[in-house]
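Below is one structure, written out as structure tokens; comments come after it.
Just so you know, all these numbers are worked out from the coordinates, no wet-lab data involved. The model shown is predicted, which means the values in this text are computed figures rather than measured ones. Reconstructed Cβ throughout: ideal geometry from the backbone, glycine too, with neighbour counts over all protein chains shown.
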Amino acid sequence: MAKNNILLTRIDNRLIHGQVVCNWAGTVGANLIVVVDDETANSSTEKSIMQLAASSLGFDSRFFTVQHTIDVIDKASDSQKILLVCKTPSVLRKLIEGGVEIKTVNIGNMHFSEGKKKISDKVYVDDKDLEDLNFIKSKVDEIYIQDTPDFKKEEF
């Protein structure tokens, strides 16, 4: 395990939702879901909705800005087993550049928007996303695309 308690890092533009809570957190053995997103960390409404989803199945949740995550993630208690969720590859790149050790990255949903191209059924990227994902790939042990744990992993 890394020097921190991050079991899996997932890129998913929906952050905490059914797949994350019902499938990923339990599958990897997490008891804490940490969302890293500056906007969400400062929105009491978004946090409340996601906290309700996580707590309904017994998971604790935290909502941090990128900088706060860099500052505190290595200080987590040994009992905290973390599923880290980032909205975009850019956020995850900032964490890595800030010194956060990441071993395994699961690319989940990255929705279509103007200028993005499909690389998987639920993953659409633009040039910046690809640049960030390739940077991430060079810094982690494993990176793959997988919607839920029961789907086959796709190489990135």
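Structure values in brief
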{"read-out": "Identity of the residue in segment 45-59, part of a loop (DSSP other than H, G, I, E, B) and within 11 Å of Ala25 (Cβ to Cβ), that ends up nearest to the chain's Cα centre (by Cα)", "value": "Phe59"}
{"read-out": "Matching residues, segment 85-138, being among the aliphatic types (A, V, I, L, M), under 14 Å from Val36 (Cβ atoms) and in contact with a Ser or Thr (Cβ under 8 Å, 6 or more places away or on another chain)", "value": "Val85, Leu92, Leu95, Val100, Ile102, Val105"}
{"read-out": "Qualifying residue in segment 107-127 (condition: among the acidic types (Asp, Glu), part of a helix (DSSP H, G or I) and within 22 Å of Arg14 (Cβ to Cβ))", "value": "no"}
{"read-out": "Test: residue in segment 86-94 that is among the β-branched types (Val, Ile, Thr) and over 15 Å from the mean Cα position of the chain (by Cα)", "value": "no"}
{"read-out": "Test: Lys128 is in contact with a strand residue (DSSP E or B) (Cβ under 6 Å, 6 or more places away or on another chain) and either touching a residue at least 40 places away in the same chain (Cβ under 8 Å) or not hydrophobic (A, V, I, L, M, F, W, C) (or both)", "value": "no"}
{"read-out": "Pairs with Cβ under 6 Å, 6+ apart, first in segment 63-86 and farther than 16 Å from Thr9 by Cβ, second of a type outside the set (Lys, Arg) and surrounded by 14 or more Cβ atoms within 10 Å (Cβ to Cβ)", "value": "Thr65/Asp38; Thr65/Ala41"}
{"read-out": "Among (1) of a type in the set (Ser, Thr, Tyr); (2) closer than 27 Å to Ser138 by Cα; (3) in contact with a helix residue (DSSP H, G or I) (Cβ under 8 Å, 6 or more places away or on another chain) - the single one Thr27 does not satisfy", "value": "(3)"}
{"read-out": "Positions within segment 53-95 being among the hydrophobic types (A, V, I, L, M, F, W, C) and surrounded by fewer than 18 Cβ atoms within 10 Å (Cβ to Cβ), in sequence order", "value": "Leu57, Val72, Ala76"}
